[in-house]
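Enquirer: Pasting a structure below so you can have a look.
The values are calculated or read from the model by the stated rules, or taken from the named source; none is laboratory data. Quick caveat: nothing in here was measured; it's all calculated off a predicted structure. Note that each Cβ is placed from the backbone with ideal geometry, even for glycine, and that neighbours are counted across all protein chains shown. Keep in mind that these areas ignore ligands, DNA and RNA; they rest on the heavy atoms of the full protein, side chains included. Shrake-Rupley method; radii C 1.70, N 1.55, O 1.52, S 1.80 Å.
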Amino acid sequence: MSRKPKIPVSISEEVALLDLQLQSLEIIEDILSGTDPDEADARLSLRQQVDRNPGQPQRALLVHMLTIRRSNLS
C-alpha cells in the first residue's frame, strides 16, 4: 500500500512543504556525508529510507529517526 503525499491547497502550504523538503534534504546530506565508522549502520538505514521514499525526504528522515530511536531503546 503506497501513500500519496497530500497536495497543498494553497501557495503558503506549498512553500511550507518545499521548505520542509529542503531542510530534510540538507539534514540527510549532512548525515550521509559523515565518515565516522560507528555511524555506518545509521547511514545505511537512512539510505534505505531515502530509496523507499522517493520524492519525500521528510518522510524518509522521519522513518529513519523513528527506526534509530526504536533500536536504541531495545
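Enquirer: Can you name every residue in region 4-13 that is open to solvent by 90 Å² or more (accessible area, probe 1.4 Å) and in a helix (DSSP H, G or I)?
Expert: Filtering region 4-13 for residues open to solvent by 90 Å² or more (accessible area, probe 1.4 Å) gives 4, 6-7, 9, 11.
The one that is open to solvent by 90 Å² or more (accessible area, probe 1.4 Å) and in a helix (DSSP H, G or I): Ile11.
Enquirer: Output the qualifying pairs, or none if there are none: Cβ atoms under 8 angstrom, residues six or more apart or on different chains, first residue in region 35-62 and modelled with pLDDT under 95, second residue assigned to a helix (DSSP H, G or I) and among the hydroxyl-bearing types (Ser, Thr, Tyr).
Expert: From residues that are modelled with pLDDT under 95, the pairs are Ser45/Thr67.
Enquirer: Report the residue count in region 28-64 for those that are under 8 Å from the mean Cα position of the chain (by Cα) and either surrounded by fewer than 13 Cβ atoms within 10 Å (Cβ to Cβ) or among the aliphatic types (A, V, I, L, M) (or both).
Expert: Of the residues in region 28-64, 7 are under 8 Å from the mean Cα position of the chain (by Cα) and either surrounded by fewer than 13 Cβ atoms within 10 Å (Cβ to Cβ) or among the aliphatic types (A, V, I, L, M) (or both).
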